[in-house]
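Comments concern the structure below.
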Amino acid sequence: QVQLVESGGGLVQAGGSLRLSCAASGNTLSINTMGWYFQAPGKQRELVATISVEGNTDYTDSVKGRFTISRDYDKNTVYLQMNNLKPEDTAVYYCNADWGCNSWGECLEAWGQGTLVTVSS
């Protein structure tokens, strides 16, 4: 099993920056992809960015050029650097990790508890 703990959320003005961190513990050697998701009030959880074990990254269109995902393999930590934040980025941000994927692409996964990011206009 893998456990995830996020930190770094808070209140920031539009145009500002925040860096989220997600520390993994447990069976970290088995982790494949790690990622960040956000969930705005009254909406479904959506993908923000992912980073594979090889370091390949993917972003949702709304954050491209503003957010950067990175991964420290020694510290078992994934980061999300968020720049030029907008009020519409306000959400609870969740960290995700998957492992043990089968040939059909079905994986075991873990979620963090979430960290709130609020961007004021």
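The values are calculated or read from the model by the stated rules, or taken from the named source; none is laboratory data. If you're wondering where the values come from, they're calculated on a predicted model, not measured in any experiment. Neighbour counts are summed over all protein chains in view; Cβ atoms, including those assigned to glycine, are modelled from backbone coordinates with ideal geometry. Please note that ligands, DNA and RNA were not included when accessible areas were found on the heavy atoms of the full protein model with its side chains. Shrake-Rupley method; radii C 1.70, N 1.55, O 1.52, S 1.80 Å.
Some notes on this structure:
- A residue that is crowded, with 20+ Cβ neighbours inside 10 Å, out of contact with any Pro (no Cβ under 9 Å at 6 or more places or on another chain) and in a loop (DSSP other than H, G, I, E, B) cannot be found anywhere in segment 35-50.
- Which numbered condition Ser70 fails, given (1) open to solvent by less than 70 Å² (accessible area, probe 1.4 Å); (2) without any contact (Cβ under 8 Å) to a residue 12 or more places away in the chain: (2)
- Qualifying residue in segment 87-98 (condition: within 14 Å of Gly112 (Cα to Cα), part of a strand (DSSP E or B) and at pLDDT below 95): yes
- For segment 16-34, a residue qualifies if it is open to solvent by 70 Å² or more (accessible area, probe 1.4 Å) and either closer than 30 Å to Ser121 by Cβ or touching a Lys or Arg at 6+ places or on another chain (Cβ under 6 Å) (or both), and exactly one does: Arg19.
- If only residues of segment 97-121 that are small (Gly, Ala, Ser) and free of Cβ contacts under 8 Å to residues at least 24 places away in the same chain are counted, the one that is least open to solvent (accessible area, probe 1.4 Å) is Gly105.
- Taking the conditions (1) closer than 18 Å to Val2 by Cβ; (2) touching a Lys or Arg at 6+ places or on another chain (Cβ under 9 Å); (3) in contact (Cβ under 8 Å) with a residue 40 or more places away in the chain; (4) open to solvent by 60 Å² or more (accessible area, probe 1.4 Å) in turn, Tyr94 satisfies each one other than (4).
- Test: residue in segment 55-67 that is open to solvent by 40 Å² or more (accessible area, probe 1.4 Å), on the phi > 0 side of the Ramachandran plot, out of contact with any Asp or Glu (no Cβ under 9 Å at 6 or more places or on another chain) and outside any helix (DSSP H, G or I): yes
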